1. Could you give the radius of gyration (one decimal) and Dmax (whole number) of the Cα atoms in segment 313-418, in Å?
2. Taking the solvent-accessible surface of protein heavy atoms with a 1.4 Å probe, what is the per residue accessible area of the chain in Å²?
3. Name the long-range amide H neighbours of Gln82: under 5 Å, sequence gap of 5 or more, or other chain; modelled H, no Pro or chain starts.
4. What is the set of long-range amide H partners of Asp280 at a cut-off below 5 Å, with H atoms built 1.01 Å from backbone N?
5. Leaving ligands, DNA and RNA out of it, report the carbon-plus-sulfur percent of the accessible area of the chain at a 1.4 Å probe.
6. Using R₀ = 25 Å, calculate the FRET efficiency as 1/(1 + (r/R₀)^6) where r is the Cβ-Cβ separation of Asn56 and Arg89; round to 0.05.
7. For a distance above 21 Å, tell me the whole-number percent of Cα pairs in segment 59-164 that qualify.
8. Once ligands and nucleic acids are excluded and a 1.4 Å probe is used, how much of Phe416 is accessible, expressed in Å² to the nearest 10?
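The values are calculated or read from the model by the stated rules, or taken from the named source; none is laboratory data. Not measured: the values here are computed from a predicted model. No Cβ is skipped: glycine too gets one built from the backbone with ideal geometry, and neighbour counts run over all protein chains shown. To get the accessible areas, we keep the full protein, side chains included, count just its heavy atoms, and leave off ligands, DNA and RNA. Shrake-Rupley method; radii C 1.70, N 1.55, O 1.52, S 1.80 Å.
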Amino acid sequence: MATKQTESVNLIESFAEFKETKNIDRATLVSVLEECFRSVIIKTYGSDENYNVIVNPDKGDFEIYRNRTVVPDGEVKDPNMQISLSEARAVADDYEVGEEVSQIVKFADFGRRAILTLRQTLASRILELEHDTLYNRYKERVGEIVSAEVYQTWKKETLLLDDEGNELLLPRSEQIPNDFFRKGETARAVISRVEMTNGTPKIILSRTDPAFMQRMLEAEVPEIQDGLITVHKVARVPGERAKISVESYDDRIDPVGACVGVKGSRVHGIVRELHGENIDVINWTGNSQLLITRALSPARVNSVVLNEEEHKAEVYLDPDQVSLAIGKGGLNIKLASMLTGYTIDVFRELDSSDDDDVSLDEFKNEIEPWVIEELKKIGFATARDVLGAPREMLIQRADLEEETVDEVLRILAEEFEQ
């Protein structure tokens, strides 16, 4: 019996130690321990209503008291709830019928099986508690940057460990294309989301989320930390290029200059962390036309026509500015659309010297009518419209084969050569 009692005491001591290492508050731990003891009592006696359980995890001990009502000898119907008068007077000779007798119960008397069951129940409940604590702690930190040690890298994800040894996952889909991690090194990422899967928290990190770049910029620019500058939006194509709109609440502060720093000093560290991802910072404005104009930088925009209902914008530029507005692989116009929230269509603006322009309909004998219709759908109505647009744009926007576009450009070019 003494061995079993020692086992149960050591059980409580182990969880008193657990409390110190896992930062579980005392009230919660006591509640869990008491709940587990009561579950064993219910399994053994069918009820815990007449039991008092006192747990002291700090000292590593506990006491269980059973309260029974004194009844006349020979009238005990429920030994768990009642005690005979003679048995009560063996405890104290002044007990009378109807009074309540409180006696300590040795947990060892419950039997070895009960002790093992308690161990398993406690281990399960404490694990649940630990998972809930971890889930809630990281759920509150979504959007924050965390630094963690790389533990292992697989094809689809990288496993990192925080300072307490908790597992954090960085999926390949959330990594920048040129990311490469070695075991033992420290990696930075933003806490993207926290999920609970089969009772186990799953903490997902991201290095592609716009919030990652925004948090790094906030850390580098004191004016943002002080509330003098705010970041309105971040648009990214991870590893390639990003556009950020910022606004200053102090007329004396240039928000773009403050964010970039002298000779790019404030964004240099961010660019290095993101493997050379170019960052364009623009001054935010509530004027949508002006915002679109700024977002299409470095192209010079002549005019912008908005369709607020469909959230579309038609942008008119000189012919030599069209390719700049679209950017390599359509990257510049894509980021501008992401940043402003508008679908942007660019158009080459004709000047007076283009009076000899020819409608695309004039070429129906040489170019398939459906091809002409596709070109007209994206805003090109004349031969010079098409010739002034970048070849890459025609392929992507009109959804035409490269050979088809090349043939169209050849036919139209011949018209003006004649």
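1. 13.8, 44
2. Values: 22600 Å² over 418 residues.
Heavy-atom accessible area per residue stands at 54 Å².
3. Excluding prolines and chain starts, which carry no amide H, the hits are Thr69.
4. Ala242, Lys243, Ile244
5. Details: 10330 of 22600 Å².
Its accessible area is 46 percent carbon and sulfur atoms.
6. Values: r = 31 Å, r/R0 = 1.26.
Taking R0 as 25 Å, the efficiency between Asn56 and Arg89 is 0.20.
7. In whole percent, the share of Cα-Cα pairs in segment 59-164 beyond 21 Å is 65.
8. About 60 Å², ignoring ligands and nucleic acids.
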